[in-house]
1. So which helices (runs of 4 or more DSSP H) are wholly in the stretch B:62-176 and hold at least 2 residues that are at pLDDT 90 or above and within 14 Å of chain C (Cβ to nearest Cβ)?
2. Please determine whether any residue of the stretch A:159-175 is hydrophobic (A, V, I, L, M, F, W, C) and within 22 Å of A:A131 (Cβ to Cβ).
3. Tell me, which strands (runs of 3 or more DSSP E) wholly within the stretch C:140-240 include 3 or more residues that are among the hydroxyl-bearing types (S, T, Y) and in contact with a strand residue (DSSP E or B) (Cβ under 7 Å, 6 or more places away or on another chain)?
4. Report yes if B:A36 is assigned to a helix (DSSP H, G or I), more than 30 Å from B:R305 (Cα to Cα) and touching a Leu at 6+ places or on another chain (Cβ under 6 Å), otherwise no.
5. Mind listing whichever residues of the stretch A:62-95 are part of a loop (DSSP other than H, G, I, E, B), within 11 Å of chain B (Cβ to nearest Cβ) and free of Cβ contacts under 8 Å to residues at least 24 places away in the same chain?
6. Of the numbered conditions (1) touching an Asp or Glu at 6+ places or on another chain (Cβ under 7 Å); (2) without any contact (Cβ under 8 Å) to a residue 24 or more places away in the chain, B:K160 satisfies every one except a single condition; which is it?
Amino acid sequence: MLTIENLTKRFDTTFDRPLFEQVSLTLAAGESVAIMGESGVGKSTLLNCIAGLESVDGGRIRLCETDLTTLDEDGFARLRRRDFGFVFQAFHLLPHLTLAQNVALPLWLLDRDDRTADARARVMLERVGLAPRADDWPRHLSGGEMQRVAIARALVHEPALVLCDEPTGNLDPGRAAGVLELLFERIQAAGAVAILVTHSVVAAGHADRILHLTQGGLIAAPVAA
Amino acid sequence: MNATLRHVFLASLWRRRLATSLSLLAIALGVALGLAVQLIHAAALDEFGRGIRLLNGAADLQVLGSRAGFSDELYARLALRPEVDQASPLLEVETRLPARDETLRILGIDLFRIGAVTPSLLPVGANPDEAAPAAGDRLDALQSDALFLSPAASARLALKPGDRLRVQVGTRERILRIAGTVPAAGVGQALAVMDIAAAQQTFERIGQLTRVDLRLAPGVTRALAQTRLAALLPPGVSVLTPDDAASEVLGLSRAYRVNLTMLAAIALLTGGFLVFSTQLLAVVRRRQEFAFLRALGLDRGSLWRGLLAEGAVLGLIGGLLGGLLAYLLTALAFAVIGGDLGAGFFRGIAPQVRFEPVLTLIYLALGVFAGLGGAWLPAREAARMVPARGLRAGDEAEVYRARPRWGMALGALLLAALICLLPPIAEVPVFGYLAVLLILAGAILSLPGATVAAMATLRPGRSTLWRLARTRLAAAPGQTVVAGAGVVASVALAVSMAIMVDSFRGSVDDWLTRMLPADLYLRASDATASGYLDPESVARVAALPGVAAVRPVRFETLRLGETGGAIALIARQVDAGGGLPLVAGTLQPPTGPDQPHPAWISEAMADHLRLGVGDPLSLPLGARSQPFRVAGIWRDYARQQGSVVIEIADYRALTGDPRTNDLGLTLTAGTAPEPVMTAIRATLGEQLSEMILPGTLRAMILGVFDRTFLVTYLMEAVAVLIGLFGIGTTFAALATSRRKEFGILRHLGLRRRQIGALLATEAALSAAVGVVIGLLAGGAIALVLIEVINRQSFHWSMDLQLPVGLLLIFSLSLILLAALAARLSGAQAMRQDAVLAVREDW
Amino acid sequence: MTGAPRILLAAVCWLGLVLLASARAEDFAPVLEGRQLFFPADHGAHPEQRTEWWYITGWLTDEQGRERGVQVTFFRVGTGIGADNPSRFAPRQLILAHAAIADPDTGHLRHAEQVERALDPLAGATVGQTRAWIDDWSLTLEDGAYRTRIRADDFDLDLTLTPDGPPRLNGREGFSQKTPDPANASFYYSRPQLAVSGRLRLANADRTVTGRAWLDHEWSSEILPEEAQGWDWIGINLDDGGSLMAFRMRRRDGSTLWAGGTLQQGEQPTQILSPDQVRFLPGRRWQSPRTGADYPVEWRIEIAGRRLSLRPLMDDQELDGRRSTGVVYWEGAARLFEAGREIGRGYLEMTGYWRRPLGL
């Protein structure tokens, strides 16, 4: 379903450092993979490249027969709107939107009407166990709760691909476990392909596969934590 | 996109209510001031035009003379001309109303003739016969004391038919009877009508007319009739189309109108700057949010449009508020200062507030435009951001990494200097105003470079705070641009106006000293009104004990040539009478029997007629052209239409007119003016003369001056206030977006108060750079105002005068206020829990 | 016995009457019996008297034989205002002019008027010779013939009127008493049997016209007495070359306050009619659809025992001046009959039927 061939990003302009070359990866429908690696090796950049948020220096990414590397910026934006879901370490809930509105945001971007979006968002919030607080504000939530909202938001528009960048990085281990469980349960329920970038072996353990990103590329051999 | 637009973009305006309301306020004020100026003038011009139409009626041509008028012999000659179908004679008198301290415009008409040309001036008796409204009272209307008031005059004077009205002629009183009304004169025109014979007799103008209205015979063109009739007319009398006559007055008020409009436009511009500041800060603060939305699939164009929509909505709401406010202001202005904003162009009219859809829409559009313009750069900045980078925290400083733009700044200033050399377009100094805009643009463009340069020249110092502030500004000069653009604009404008007004006021003060050399002034009425002093009164006053000498002054108007308006003639002693504020020429021209009479012309007249010292000039005096020579050019702030001074001895010899308008009295040494004033009152009558001490007159004139500039001061204050608000909101926003930075500093051991002090120092430094650039730009703009805009609009020069103390105090207070505003608005950031702030994005 | 009140009333009415209070009779020279009229001097204006008129009425026939009535009047009115005013505009004297055409084809009067203050050379009335004018309207007597020129919006007149004899003095040698009180009197003479030739431009067509007309010249200082409501007047050129002028002053109840007239028949001497020799008996009435005023348009008139009847050229010869002069009266061409036979043509004037012109 998702195929990455020889993806190369030689230089990280943000942090002025060299990055990965010749990274290849194939994911079947419904499959999830965790990508681990040392700090600075370019895990997040790899995710950004897949999402089209950063340009690549070579290689190909195909999602369901679409060659993403041929898309222009707006084409990629449209694709992200429809087929991508994101879970960030920093949650990125918009503070001025209620939980339901935060979850509805991807649907708004798809020009769904307000009422449909709201109903769908509430269904999603129910699935992550926050239905009673649908009209509450993000600032009243704990970190774990925030990430559960973010998960609901990532899946509300039934994306084909879910990208997760350190989803539990800001959570204590107890909360993290619950969030991870929920995340993978929802991804599987949605039948989406998922890529998880993490430092955490525990988190990685929830994925179908664990890969390590090194200067040379992705190494499939599991490494003890 | 709709829901996104609503919830993500527009809702954000609501979230930062303070900044939003300040932007709204700025735009609303700009729109309100601009629209109000336009509304007031539209209404005043409208009413003025109605008055002109009313007074002109169906006249095809008008024969006009000076205020003194021309011989009524001309009337019959005109009426009998084959080109003329109907001729209607008029004698217009502005009469002083003793004890009322006001004047009334009285039109002496031939009621058997007026109906054919200006039917709206037909008087109607007090008790018109309902069955036969035209029947009559015609004989009553012919009575020598019958006066007919327009509804507006009737209301203003609180008089009804049957009442009596005292009018002044010379130093005597006449009593007129209100015999009826001029019902068709319309609600806005305060005037009165009486029979022409009665008017000539009452106001001692036997044999004189000021105007003859002509309706031409069928088939005769205006141009043809104008040429043929002009040949009949004595010098100083012109035959004009009614439009020419009207445009004389409109032309005079236009410069003033354009000036006020420009000032209002500048308030709006400041509003636009404030939108820019708040939007840019909002963009910085929402950087992560935008990056995240981009990640979710919001395309670049939508982001750009969303942000522009924010600006447009700000502009729209501000524009709507401003529109409302403008109508309130207009109503208030009509109630308080009258239709001419205190400048005295339109007397005797009472304009009404009216809804002006086109003007309102234009200003609403300007409001939206200001909002859009302000949001433009920030929106572009946001749309350009690389989302992957924006998703990470802590790179706001990026935005403030403004490049110095010395080249563009210099280019703008050079261009400004060049276009100042261009002449005005249609009497409006278009290029002067453009130069002002260019100077402003240049000043703002030089802000980043100036900040860097200023920080480089500042000594690093030992204080941590000082170092931090200095390095922050040097590294992020854009922060100064954001905080300082509004400051530069408002300071530049305030400073330029302060310098201009101060120079103007100083020059006017000087001018008054020259023009008012006597110890006491006496007049029967304002020079335009019906009072005057006859030689006998002058002699009686001169003979009073304590009076050492008297200097009579006679004011008249003259028409030079076929086109162009009437200019003022001032006949007085020149060299012996205190001199003149000359800018060229001499007070002692060569005298002799073959020498033409000397004349001193005002700058406006020199400009209009392209005359220089030594040029010959012929003036129509006593119905003949008399040879004069320009002996000097003087500065006249009182008569924008142009004026000429001649020796009163020459005037009397040429015209035989012995009347005096103003009498300057020199008192014998040691005489107090009060007893002399009492003696004059006893001699001339209690309410028939006006006396004034030069000091009081000077205070009065300067009072009028200050009132004229009141609107200007108000706009200045608004601009400065908006600039200060700008600093406040900028630093509030900066403080919020730099919470993490401050968190780290707190971790590193800075105390809360020190963070506050850091903000205050940065603000003071930013403001200082802004103020210094504003001062420089303001000085440059003041020069343009004085040398280009005033010269071209009003034709008068003034001596540059710098109110150094005032500017210094103003600048220092502004810097202090900026520091204070930053300190206060940053308070929230200092309350922030340092740990939380740092952890948020680690 | 004359129609003196007619002038005063009509002229003064033209101006609206409120003003009468302002100009007092003392401002003007009284009309005293015994003053001889001298000609041509008395053909001219008499500015020392308050009001004066030259009043032409007549019948015109054009080339097609179509008959029309014509009336041209020049009034001079002393206002008593501005005697001390040296202004050339001083309104001491006003000149009014009035012209009307009675055309049966139109069915009502075409009329026009002008008012001006006397202001040489624009308008005036000359002393010592007949010359009254306002702009291009004029009436003059030169070389023994009158000439009048009128240029109105919808008609032009240029008529020469030649008298057949000397002026016919009305009343006692031109002193014409108008009420039982001889203080109410005027100087009054008539020029009947004027032979008319000239041009009438009507409906944009020039017509050469001929006819017979009548001119009254009358001047006085008095105003309509309090007890009078109005008057009825006729001036008829008799077919035998004679003339008949008769008038009566009406009280408010319609009864006769005073009457008088002048009759000249053929070669017989002029007969001055005393009040009891003149009777006006109203006949058929016509009500004006415009003003509602009800006029007796046909009359039985008894002159020194002779029974005459008067019938109008057309019924609607009412002059509606409500929008201009404020006066409404009936002034029209009429035929005089005796025993069913037409014996003359002239004009009938009736005032005071709409409203008493001198308001209370």
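The values are calculated or read from the model by the stated rules, or taken from the named source; none is laboratory data. Here the structure is a predicted model, which is why all the values come from computation and not from measurement. All Cβ positions, even for glycine, are placed from backbone atoms using ideal geometry, and neighbour counts span all protein chains on display.
1. Because the criterion is at least 2 residues that are at pLDDT 90 or above and within 14 Å of chain C (Cβ to nearest Cβ), the helices (runs of 4 or more DSSP H) in the stretch B:62-176 that meet it are B:73-79.
2. Within the stretch A:159-175, one or more residues are hydrophobic (A, V, I, L, M, F, W, C) and within 22 Å of A:A131 (Cβ to Cβ).
3. By residue number, C:185-202, C:205-220.
4. For B:A36, the condition - assigned to a helix (DSSP H, G or I), more than 30 Å from B:R305 (Cα to Cα) and touching a Leu at 6+ places or on another chain (Cβ under 6 Å) - is met.
5. Selection gives A:D72 alone.
6. (1)
To keep it simple, each residue is scored yes or no on (1) part of a helix (DSSP H, G or I); (2) in contact with a strand residue (DSSP E or B) (Cβ under 6 Å, 6 or more places away or on another chain); (3) not small (G, A, S).
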residue: B:L422; (1), (2), (3): no, no, yes
residue: B:A441; (1), (2), (3): yes, no, no
residue: B:A450; (1), (2), (3): yes, no, no
residue: B:L465; (1), (2), (3): yes, no, yes
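Residues checked against (1) within 26 Å of the chain's Cα centre (by Cα); (2) within 18 Å of B:D244 (Cβ to Cβ); (3) among the β-branched types (V, I, T); (4) crowded, with 20+ Cβ neighbours inside 10 Å:
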{"residue": "B:L24", "(1), (2), (3), (4)": "yes, no, no, yes"}
{"residue": "B:G57", "(1), (2), (3), (4)": "no, yes, no, no"}
{"residue": "B:L64", "(1), (2), (3), (4)": "no, yes, no, yes"}
{"residue": "B:A76", "(1), (2), (3), (4)": "no, no, no, no"}
{"residue": "B:A79", "(1), (2), (3), (4)": "no, no, no, yes"}
{"residue": "B:Q86", "(1), (2), (3), (4)": "no, no, no, no"}
